[in-house]
Amino acid sequence: MIRRLWALSRKELRQLFASPIAYVVLTVYVALTGIYFFQHLVSYNQLLFVYQSEGLTAGGFDQGTVPSQINVLNEVFVPSADDFGLFLLVVLPLVTMRVFAEERANGTDELLLTCGLRPYEVALAKHGVTYFFVLLLLLGSAIYPAVVVLRAGLGLEHLVALYSGQLLYGCAVASLGLACSSFTSSQIVAAVLGYAIPFVLLDFAWLSNTVSESVAAVLREVALLSHYGSFARGVIELRHVVYFAGIAGLGWLASVASLELARAR
Amino acid sequence: MSFLPAAGVVMILVAVGSYYATRSLHGFSAFSGANLLLGALLLAVGVVAQARRFRGFSGAESRRVVLRWSASLVGALALVVGVDVAARGWTSRIDLTLDHSYTLSEQTIALCQKLAQRGGEPIQLVFFEDALLAKDVRLLVAAYGDRCPAVETRDARRREPPQAARDLYTTTATTVIACRGDVCDPVGYPSERNITSAILRLSRERAVHVYFTVGHGEIDLASESDTGYAAVAATLRDQGMDPKALVSPAAPDVPEDADVLVIGAPERDFLPEELAVLERYLSRGGRLLVLADAGQHSNVYSELLPRWGFVLDDSVVLDQAASPLLKEATPVNLLVHLFAPYDPVTRNLSQRTMLLFPRARPVGLGRKPQPDDKLAQVAFASPRSWLSQNLARALAGGELQPPAGAQTGNIGVVATGRFPRGTGEPPAEARIVVIGDRDFAQNRLLEALYNRDLLLNAVRWLGNDEQAIALTDKGWTPNQDPLTLQQTVAYFYFLAFALPETLLLLGIYAWWRQRA
Amino acid sequence: MSAKIEAQGVCKRFGKVVALDALSLEIAAGEIFGLIGPNGAGKTTFIRILTGYWLASEGDVRVDGLSVTRQRFQVQARLGYACEQPKLYPDHRVDKFLHMMGELRGLAGAKLRRATDLAVERLGLGPVLHRHIGVLSKGFRQRVALAQAILHEPAVLVVDEPTVGLDPAQQIELRRILVGFKGQHTVVLCTHQLHEAEMVCDRVALLDQGRLAALATADEIRAGGSLEALFLAKVGTHHEEAP
């Protein structure tokens, strides 16, 4: 089974990087994250300048010191992580829309599903390779933060926490996109659903005023955003890991189900 | 996808998107609501229509497959949601921050255990989910809930604070309030040090002793008249504190049980021996609140305070943004509304929660006595304020505009100082709060606007006994200057241009190869 | 190494449309069995059920006694399938593709190399081995599809319309290859071309509207004139007029 998975994964990788879309997505994501991280760094630098300027300290704060809440964590990393998460939401459906839908549209799923492969193996390879691509995206975007972390003395562990959160979140979003792709043969439909579902699932704050307190509490737990924040602060919480893993698992199960249901059609 | 479900999906997206775009203005708007309802309707109708058109799944085996997989999916969904909701209480976490910001220190844990053994009423940490810093602090408050058996945490929203905290004014800067029974204490900047201090203060078994010096023309705590200060004593007693007069100013020392010493706007000089007593008191970590008023002369202002880094000019603060609340709406009646947001003395004060300061005296900062000392101005007159040396003329309403060339704005009226002293480890911390006004605490004004909050904040902060737990701020002092501007820009070129360019070229190559 | 195929009362319905109506067949081990019929007769449906790609609404197909419904993975392991208008991965090179398909079939190491070499030799893929599938001619793509189907020496080889769109020389070549499989594999050949079935198959089943219209051996066909005569007798030409 390992050998089959490995062969399938190589095929997926070849398909992924044969099309320009993977490179375009990498380009856009790396550029966007670079620009936004830069913006946060610059405004942080400006803030430091304001606090450190001799002429301004007459108005309040102790000379030359910067209040402890003005730090690179709160001013750069936390807002950047929020931005990066949003960008993942924007670029990932462009990658996931193809994965199952193209196979179904070209009829190559017939080739795969009649040569003795289990549907769960096919889904596993496709999900695995997409998660690997998410990892690539994150590595591309991690260079700038890594440099800052090393220089700011935040500690690499902190970066590990930040990026584990990004990875888990990215995999969960990708998994939802893959599930959408697996139920259709149209890449456009897969992309629209791949945007719509995570977007609605992002945060149920808009519903919280119209439903009862207990329902709102459940919705809060289901929302993607409420599980995302603490990673950026350097804390890995088990319950958030379980949540994202659960969403990813659910997406995978939906993909397997779509293949089985197509057979029963 | 046929038209109806597609339109439904689009409308739902517009509903959610328009909510996010306008949520700072109002809640869920009628536009969003209409889109949501119509979208859901279209989606439902479309899905039903699609389902009717759908043919297939005939045969027993097919139906079994459909049933099995639908059930698996629904089951898995229920499992994920269920586990997720159940996991709200899970506390396992790995704290990878450099200084373990979200892991309670040994001192706090020890205090918690001591409190748990002692029993009694638990301390409640009320966490305001809609506060400005809520996201930063949630993990820390959760850590108290997990590791501190004598502490309960509860979530609240600003609109509905718990009963005991009803009379506390909350702003978006109020993130945590610690309560024990009917006594509540808002925590300023919600660090572990401050939260633990609040717990410690609330769990203290004896009252905080607040000593007032007398005999130099200070404020009269016994006077019930409009311009008396009986309300100060009453307010302190309400908060479980014990105000006392320091009867003998020439006593050899400040009493051992003094938690806070108040010098309430003296009009005469202290004796040199008395000043020496005060110096000794501060040098061993004493806590001092000084009220000062314009036009007063005392060696407390001219000798004692300058030695500790506070400069009190002999002038009066005038402000065009003066208060119409008093009959005489002259520039002398200040509306103070500019504050250092997270300072413990001005916590929960903001532009909307102002102070009324008649006849205020400027409180400036001079040289720090020692390099490790921390001095700060925490409340300011408005940018249209100025200083006048002629108190009589100003009081008579003769100075309504700043004279030509006068410097305006940036006039501090409250300042605080922290002074690590002594040889202990960590050293004891002397604290001084100087408030450039005494009238704000008069019987007729203490309940006006938010004057009472300033007084209580100051006394609470001074009376806090953090030394009892020797907890230092984790302080999170990373290199505040991570990259120079040149480095920032150099990396920016590499990451925002060079790397994406390379990736794009690779993509074009892949595309070209595919076409070839 | 060939296997017997038994189809019993196989039905496939899509809503009210009946694609296969209680089809029962028996295909002997080692024979080349032709499936012919007009468009929509149910040939491809039967093949998809046989290969486990679709579930039958009723009935079952057994390969060497193994049920396609219940033991589809064991059946698929004994089965090679070259589908109509071969659906392959255009961005793969031929050698890489065969290698991958061999791995997916559970082959590895020297065995995998031997199997791909043999398939390449039998189907004459040597000249295009290092080219991308997307740039190959249709005939070569058909051969690649056949090559991947015989990599694991399957007991049953299912071939759907292998010669559609090929030039005559390619058609002759492919037929020669198919005949070469005789005795080694049980071959199920689905085709529109009656003379092809006549030339290659040991037995032919004529499907019409999901039902078995006729079943004849090569000898019987020859005795009756030609397959075309049989087709006209059983089906006629009414299908061409149907919408």
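Here segment B:413-436 is the region considered, the condition is being part of a strand (DSSP E or B) and without any contact (Cβ under 8 Å) to a residue 60 or more places away in the chain, and the residue that is nearest to B:GLN107 (Cα to Cα) is B:PRO420. On the stretch given as segment A:215-257, residues that are surrounded by 23 or more Cβ atoms within 10 Å (Cβ to Cβ) and of a type in the set (S, T, N, Q) total 1.
I want to confirm something. Restricting to segment A:203-230 and keeping residues that are under 19 Å from A:LEU162 (Cβ atoms) and at the interface with another protein chain (Cβ under 9 Å from one of its Cβ atoms), which single residue is farthest from the chain's Cα centre (by Cα)? Restricting to residues being under 19 Å from A:LEU162 (Cβ atoms) and at the interface with another protein chain (Cβ under 9 Å from one of its Cβ atoms), the top hit is A:SER230. Reported count of residues in segment A:120-130, each being surrounded by fewer than 24 Cβ atoms within 10 Å (Cβ to Cβ) and either in contact with a Ser or Thr (Cβ under 8 Å, 6 or more places away or on another chain) or not in a helix (DSSP H, G or I) (or both), is 3. Looking at A:SER186, A:SER175, A:SER141, just one residue is within 11 Å of the chain's Cα centre (by Cα), farther than 30 Å from B:SER29 by Cβ and of a type in the set (S, T, N, Q), and that residue is A:SER175. One residue stands out in segment C:61-97 among those that are away from chain B (no Cβ under 13 Å) and of a type in the set (Gly, Ala, Ser): the one that is farthest from C:HIS132 (Cα to Cα), namely C:GLY65. A:ALA123 meets the conditions (1) in contact (Cβ under 8 Å) with a residue 24 or more places away in the chain; (2) out of contact with any Phe, Trp or Tyr (no Cβ under 7 Å at 6 or more places or on another chain); (3) more than 23 Å from B:PHE494 (Cα to Cα) in every case but one. The failed one is (2). The set of residues from segment A:1-18 being more than 7 Å from every other protein chain (Cβ to nearest Cβ) and either in contact with a strand residue (DSSP E or B) (Cβ under 6 Å, 6 or more places away or on another chain) or at pLDDT below 90 (or both) comprises A:MET1, A:ILE2.
From the list A:ALA179, A:ALA161, A:ALA172, the lone residue that is within 8 Å of chain B (Cβ to nearest Cβ), part of a helix (DSSP H, G or I) and buried (at least 19 other Cβ atoms within 10 Å of the Cβ) is A:ALA161.
Do we have any residue at all in segment C:73-95 that's buried (at least 23 other Cβ atoms within 10 Å of the Cβ), in contact (Cβ under 8 Å) with a residue 40 or more places away in the chain and polar (S, T, N, Q)? No, that holds for no residue.
Kindly check whether there is at least one residue in segment A:121-137 that is within 11 Å of chain B (Cβ to nearest Cβ), over 30 Å from C:PHE73 (Cβ atoms) and modelled with pLDDT under 90. Among the residues of segment A:121-137, not one is within 11 Å of chain B (Cβ to nearest Cβ), over 30 Å from C:PHE73 (Cβ atoms) and modelled with pLDDT under 90, which makes the answer no.
Taking every residue in segment B:341-367 that is closer than 13 Å to B:ALA173 by Cα and pairing it with any residue that is in a loop (DSSP other than H, G, I, E, B) and of a type in the set (A, V, I, L, M), at least 6 positions away or on another chain, the pairs with Cβ-Cβ distances below 7 Å are B:PRO341/B:ALA173; B:TYR342/B:ALA173; B:THR346/B:ALA340; B:ARG347/B:ALA173; B:ASN348/B:ALA173; B:SER350/B:ALA173. Every condition in (1) in a helix (DSSP H, G or I); (2) of a type in the set (Gly, Ala, Ser); (3) in contact with a Lys or Arg (Cβ under 9 Å, 6 or more places away or on another chain) holds for C:GLY106 except the one numbered (1). Sort out which residues of segment C:7-60 are part of a loop (DSSP other than H, G, I, E, B) and within 14 Å of chain B (Cβ to nearest Cβ), and write them in order of number. Matches in segment C:7-60: C:GLY15, C:LYS16, C:GLY52, C:TYR53, C:TRP54, C:LEU55, C:ALA56, C:SER57. Of all residues in segment B:168-193, those being modelled with pLDDT of 80 or more and in contact with a Pro (Cβ under 7 Å, 6 or more places away or on another chain) number 4. Within segment B:6-59, the residues that satisfy the criterion of being within 25 Å of A:GLU260 (Cα to Cα), surrounded by fewer than 13 Cβ atoms within 10 Å (Cβ to Cβ) and at pLDDT below 85 are B:ALA51, B:ARG52, B:ARG53, B:PHE54, B:ARG55.
Which residue out of A:VAL241, A:VAL215, A:VAL173, A:VAL256 is over 29 Å from A:VAL72 (Cα atoms) and at pLDDT 90 or above? Every option except A:VAL256 fails the conditions.
The values are calculated or read from the model by the stated rules, or taken from the named source; none is laboratory data. All values derive from a computational prediction rather than experimental measurement. Every residue, glycine as well, gets a Cβ built from its backbone with ideal geometry; the counts of neighbours run over all protein chains shown.
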